[in-house]
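Quick one: the structure is below, questions incoming.
The values are calculated or read from the model by the stated rules, or taken from the named source; none is laboratory data. Being a predicted model, the structure only gives us computed values, none of them experimental. Here Cβ is always computed from backbone atoms with ideal geometry, including for glycine, and neighbour counts include all displayed protein chains.
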Amino acid sequence: MYVNDFSNLSPEEKKAKRHALEMEIIILESDGKRFLAEENSLEAEIRKLGVDAERLRITLDEKKKRFEKLKRELFQKEDEVKRLKKKINLLT
């Protein structure tokens, strides 16, 4: 229905149409507020998850460094054991 078509309506029909449009506006505004609240909630959750992800990334990096250090130390100890075993074999 076009805006100009409202001029052909009776006062009761205009009142009913106005009421229907006002109700539709109230519903849409309510939906908008609900969507805005959900958007804000999701935005906060995304920020929190981002912080958690960064913390986990840092922890992962630290664990990887520690793991690599332990692997090097283990390799060195194994080499030292082999070297000492060779010395023992030379003595016998």
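Of all residues in segment 1-19 being in a helix (DSSP H, G or I) and exposed (fewer than 10 other Cβ atoms within 10 Å of the Cβ), which is modelled with the lowest pLDDT?
Restricting to residues being in a helix (DSSP H, G or I) and exposed (fewer than 10 other Cβ atoms within 10 Å of the Cβ), the top hit is Val3.
Kindly list, by first and then second residue, each pair from a residue in segment 16-29 that is closer than 14 Å to Phe6 by Cβ and touching a residue at least 40 places away in the same chain (Cβ under 8 Å) to a residue that is assigned to a helix (DSSP H, G or I) and among the aromatic types (Phe, Trp, Tyr), limited to pairs with Cβ atoms under 9 Å and residues at least 6 apart or on different chains.
Close Cβ pairs satisfying both conditions: none exist.
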